[in-house]
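Working notes, structure below.
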Number of protein chains: 2
Amino acid sequence: MNTLSYGLLSLLSFAPLSGYDLTQKIKPLWQAGHSQIYPLLASMEQQGYISYKLIEQTDKPDKKEYTITEAGLAQLRQWVEMPAEHPVLRDELHFKLYSLWLSEPQKAKELLYQRMEFCQSELDRYNEMLGGNETLREERGESHEPKATTFGRYMLIRKRIMDMESSLQFCKYALEELEI
Amino acid sequence: MNTLSYGLLSLLSFAPLSGYDLTQKIKPLWQAGHSQIYPLLASMEQQGYISYKLIEQTDKPDKKEYTITEAGLAQLRQWVEMPAEHPVLRDELHFKLYSLWLSEPQKAKELLYQRMEFCQSELDRYNEMLGGNETLREERGESHEPKATTFGRYMLIRKRIMDMESSLQFCKYALEELEI
DNA sequence: TTAGACATGTAACCAGTTACATGATTTG
DNA sequence: CAAATCATGTAACTGGTTACATGTCTAA
């Protein structure tokens, strides 16, 4: 049971999902490919934290729909209340900034424009997620209280939005400094 | 030559350093232990990107001081101007927020207080680095222009400060929401 | 009919962490 | 003399990425 395993349990605690769905939904939260996820699901199923039933579909290929078990929910609940590890950020841009003096100012600007584009597209995505979460909240008839299943999701999306806005602000600031 | 290798070259392009120094200096920019760094230095030395001379010390154990070569500088210059990979952030807190509804609001607050403490200590460290960089700038008689070796370093530290301030702001906001 | 989304898996490789191993020198 | 810092290395393991492999179903 590593962090990714708990991440998968987190997603399953909100709603039952297939392995394929999980690879899609986890993307904005954790970098992991399907080749990492399928074996973990098999292992968690063997440990009794999740169970699946085969869903036969006519419009799409059949799938395994995973549901979190009581044991899985207990395991997750215990993990959530433990202190979180420090975040790990690996950003090439840090090194490129460090040796920026080697670069033509024009190339440095391009570096920052590229990063801005990335942050903007991320920001757009998270803003869409905010709407999706609000729809879900209404569907579930939930309030804005901390106990609601959609509250933490809302907080998470807000966090990512703030992160991206801050990154954009940095890029704008750095570009101004490079103009001089 | 992976990202970490270029990171080491970046540090060496600013000043000659020992393997031990590099493990210390790289910490705020990239998570990597000495066991990863020493073999990479040996490999880069063999490829001719860096060279070292043995420094005999009386107050401390002897060390190898690595210097970037012309070939290494050319390699680095070429890398710096290439577009940067997207940043990778792995933060357990994301998953813990996602399943926050499973947690007691008091435990959720503790989670955020812990994160705030971490961000504050990081912020303090970067603010100190800002002063150290300014001292170095004066020592080198450099201006605040983009061509100066201390300019990119300044930008990098400013970026990290903005990141930490944004994270702190999120924690404060989330704590307010949890109070209600 | 072919490109793309849906769906699930394994194998090989690379990057990063933890543990093992050794030793100099200083400071309390 | 013990603990802390400086200093350099290797081995084993874990986590993550890329490539290999296969197949369904839909829409253009």
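The values are calculated or read from the model by the stated rules, or taken from the named source; none is laboratory data. This is a predicted model, so every value here is computed, not measured. Note that we place each Cβ from the backbone using ideal geometry, even for glycine, and neighbour counts take in every protein chain shown. Note: areas computed on protein heavy atoms with side chains; ligands, DNA, RNA excluded. Shrake-Rupley method; radii C 1.70, N 1.55, O 1.52, S 1.80 Å.
Before moving on, here are some points about what is shown:
- Count of residues meeting criterion [within 11 Å of DNA strand D (Cβ to nearest atom) and part of a helix (DSSP H, G or I)] in segment B:1-24: 6
- Residue in segment A:146-154 that is of a type in the set (V, I, T), outside the structural domain of A:S10 (by TED's automatic domain parsing), more than 24 Å from B:Q78 (Cα to Cα) and out of contact with any Asp or Glu (no Cβ under 9 Å at 6 or more places or on another chain) present: no
- In segment A:44-108, counting only strands (runs of 3 or more DSSP E) that sit wholly within it, the ones holding 2 or more residues that are of a type in the set (D, E, K, R) and in the same structural domain as A:L12 (by TED's automatic domain parsing) span A:63-68.
- Hey, B:L11 more than 14 Å from DNA strand C (Cβ to nearest atom) and closer than 18 Å to B:N133 by Cβ or not: yes
- Breaking point among (1) buried (at least 17 other Cβ atoms within 10 Å of the Cβ); (2) of a type outside the set (S, T, Y); (3) free of Cβ contacts under 8 Å to residues at least 60 places away in the same chain; (4) more than 8 Å from every other protein chain (Cβ to nearest Cβ), for B:M82: (1)
- Check on B:Q36, part of a loop (DSSP other than H, G, I, E, B) and open to solvent by 70 Å² or more (accessible area, probe 1.4 Å): no
- Set B:K96, B:K60, B:K25, B:K53: member being basic (K, R) and modelled with pLDDT under 95: B:K60
- Reported count of residues in segment B:133-172, each being over 17 Å from A:S99 (Cα atoms), more than 7 Å from chain A (Cβ to nearest Cβ) and assigned to a helix (DSSP H, G or I), is 10.
- Contacts under 8 angstrom Cβ, first residue in segment B:154-180 being more than 20 Å from B:L11 (Cα to Cα), partner of a type in the set (D, E) and buried (at least 18 other Cβ atoms within 10 Å of the Cβ), 6 or more apart: B:D163/A:D163; B:M164/B:E122; B:S166/A:D163; B:S167/A:D163; B:F170/A:D163
- Residues that are open to solvent by less than 10 Å² (accessible area, probe 1.4 Å), within 14 Å of another protein chain (Cβ to nearest Cβ) and in contact with a Lys or Arg (Cβ under 8 Å, 6 or more places away or on another chain) within segment B:11-25 comprise just one, B:L11.
- Among residues of segment B:21-48, those that are more than 9 Å from DNA strand C (Cβ to nearest atom), hydroxyl-bearing (S, T, Y) and farther than 18 Å from A:Y98 by Cα, counted: 2
- Those residues of segment B:49-79 which are within 14 Å of DNA strand C (Cβ to nearest atom) and touching a residue at least 12 places away in the same chain (Cβ under 8 Å), in sequence order: B:I55, B:K63, B:K64, B:W79
- Subset of segment B:109-129 (residues that are within 7 Å of chain A (Cβ to nearest Cβ) and touching a Lys or Arg at 6+ places or on another chain (Cβ under 9 Å)): B:L111
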